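Colleague: After the C-alpha cells below, expect a handful of questions from me.
Each value in this text was obtained by applying a stated rule to the coordinates, not by laboratory testing. All values reported here derive from a predicted model rather than from experimental measurement. FYI the Cβ positions are ideal-geometry reconstructions off the backbone, even for glycines, and counts take in every protein chain you see.
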Amino acid sequence: MASRNSGRKGAGIVAAIEERMPALVKPMAIILFGSPGSGKGTQSRYLVEWLDIPQISTGDMLRDHIRKGDAIGLAIQDRMRAGSLVSDELVNQLVFERIHQPDCARGFILDGYPRTPAQAEEMLRLLSGAGAGEVVIHLVVDYNVIISRMSGRRVCPKCGTLYNSVSRPPKVEGICDLDGTALVIRDDDREEVVRERLNQYERQTRPLIDFFRAMSDRLIEVDASRDKPEVVFERIQSGLKDLVRT
Ligand code: ADP
C-alpha cells in the first residue's frame, strides 16, 4: 500500500512533530480500542511500522508468561484459557513496567488495555506520570462480523502473523507465508472461549467508550466492519493526521 510504505521509516506524525517542534513533543500513547476480533492486532502492526513506536499488547505479554511457565503464567493460565480477564493489579503493573522502558520514550500503542474501568483510571495516572498524551482509536465492528472472523482465525506460532480463512487466507492453506510454520488456532480462539471473551467485552470493556468520550476530545471512531485492513488503516492515518493538525 503506497501511503503506508512511502517515505522513510518513522516518517509519520511523530517524526513530523519532532522535526517541527522538538521541545513540545510529548510521548504519544495510542490506545486501540475494540472488541476481540475487531482487528486491533493487525492495525497495531501497521501503526508500529508507520510511526516506529512499539506495540504493547497485554494479551501477548500474558501469553508470554504462560509460555515461560513462570509464577505469573501459572497464576493466570486457568483464567486466560477460560476467556476471563486477569486481575487489574497484574495488567496495570505489567503496563507500568513496559511503558517505562527506553523504547517507549517517543510513544507506544496500547492494544488490549485498558479493559475495565479500574484499568482505565489507572491508565490515566500512568500516562500522566509518563508525561504522555493519549489518542483513542475505536475500531467499530458489527457483532456478526466479529463472530465469523474469529471462528476462522489462525496464527503463526513462530512470528505471530494472523491469518483468517475468509479475509486473509495464507497462500498455502495452514502454512505461514513468511516462515513456512504450520498455523495453529490460538487456545483462546476456541468457540466456547470466544463466546466468553465477547461476553466479558460487552459487560466490562464496551462501557469504557463513554469514559473515553467524556475524558478526551481525541477519540477517533473508525468503521472496521467491511473493508480490508489496509483501507481501515488509511482511515486511522487520516484521523490521526487531522488530530495533529487541530
Ligand atoms: P483479544 O483482544 O482478541 O481478546 P487479547 O490477546 O488482547 O485478545 O487477550 C487475550 C486474553 O488475555 C483475554 O481474554 C484476557 O484473558 C487476557 N487479557 C488481555 N489483556 C487484558 C487486560 N487488559 N485485562 C485483563 N485481562 C487481559
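Colleague: Name every residue in segment 221-241 that is of a type outside the set (Val, Ile, Thr) and closer than 15 Å to residue 145 by Cβ, in order of residue number. First the steps, then the outcome.
Modeller: Within segment 221-241, the subset of a type outside the set (Val, Ile, Thr) is 221, 223-230, 233-235, 237-241.
Matches in segment 221-241: 223, 224, 225, 226, 227, 228, 229.
Colleague: If I go through segment 87-105 residue by residue, how many of them are in contact (Cβ under 8 Å) with a residue 40 or more places away in the chain and either crowded, with 20+ Cβ neighbours inside 10 Å or not in a loop (DSSP other than H, G, I, E, B) (or both)?
Modeller: Taking segment 87-105 as the starting set, the residues that turn out to be in contact (Cβ under 8 Å) with a residue 40 or more places away in the chain are 98-99, 103-105.
Now drop any that are not either crowded, with 20+ Cβ neighbours inside 10 Å or not in a loop (DSSP other than H, G, I, E, B) (or both), which leaves 98-99, 103-104.
Of the residues in that region, 4 qualify.
Colleague: Among the residues of segment 113-132 satisfying the criterion of being under 17 Å from the mean Cα position of the chain (by Cα) and of a type outside the set (Val, Ile, Thr), which is nearest to residue 99 (Cα to Cα)?
Modeller: The selected residue is 127.
Colleague: For segment 37-60, how many residues meet the condition of being within 13 Å of the ligand (Cβ to nearest atom), of a type outside the set (Ser, Thr, Tyr), in contact with a Gly (Cβ under 9 Å, 6 or more places away or on another chain) and not in a strand (DSSP E or B)?
Modeller: Our first condition is that a residue be within 13 Å of the ligand (Cβ to nearest atom); within segment 37-60, this holds for 37-44, 55-60.
From what is left, the residues that are of a type outside the set (Ser, Thr, Tyr) are 37, 39-41, 43, 55-56, 59-60.
In the following step, the residues that additionally are in contact with a Gly (Cβ under 9 Å, 6 or more places away or on another chain) were identified as 40-41, 43, 55-56, 59-60.
Now drop any that are not not in a strand (DSSP E or B), which leaves 40-41, 43, 59-60.
Here the count works out to 5.
Colleague: Something else now. Yes or no: residue 88 within 9 Å of the ligand (Cβ to nearest atom) and touching a strand residue (DSSP E or B) at 6+ places or on another chain (Cβ under 8 Å)? Even if it seems obvious, please write down each step before you answer.
Modeller: Numbers: within 9 Å of the ligand (Cβ to nearest atom): yes; touching a strand residue (DSSP E or B) at 6+ places or on another chain (Cβ under 8 Å): no.
No: the conditions fail for residue 88.
Colleague: Here's another thing I want to ask about it. Within segment 176-190, can you find the residues that are part of a strand (DSSP E or B) and surrounded by 15 or more Cβ atoms within 10 Å (Cβ to Cβ)?
Modeller: none
Colleague: Okay, next question. Of the residues 125, 168, 106, 81, only one is within 14 Å of the ligand (Cβ to nearest atom) and not hydroxyl-bearing (Ser, Thr, Tyr); which?
Modeller: Numbers: 125 fails: within 14 Å of the ligand (Cβ to nearest atom); 168 fails: within 14 Å of the ligand (Cβ to nearest atom); 106 fails: within 14 Å of the ligand (Cβ to nearest atom).
Just a single option satisfies the conditions, and that option is 81.
Colleague: Continuing with the same structure: Hey, can you tell me all the residues within segment 142-162 that are touching a strand residue (DSSP E or B) at 6+ places or on another chain (Cβ under 8 Å) and in a helix (DSSP H, G or I)? Steps first, please.
Modeller: Here is the first cut: in segment 142-162, the residues touching a strand residue (DSSP E or B) at 6+ places or on another chain (Cβ under 8 Å) are 149, 152-157, 161-162.
Listed by number, the list holds a single entry, 149.
Colleague: So, in segment 129-141, how many residues would count as being loosely packed, with under 14 Cβ neighbours inside 10 Å and either assigned to a loop (DSSP other than H, G, I, E, B) or touching a strand residue (DSSP E or B) at 6+ places or on another chain (Cβ under 7 Å) (or both)? Spell out how you get there, then give the answer.
Modeller: Filtering segment 129-141 down to residues loosely packed, with under 14 Cβ neighbours inside 10 Å leaves 129, 131.
Going one step further and asking which of them are either assigned to a loop (DSSP other than H, G, I, E, B) or touching a strand residue (DSSP E or B) at 6+ places or on another chain (Cβ under 7 Å) (or both), we end up with 131.
So the answer is 1.
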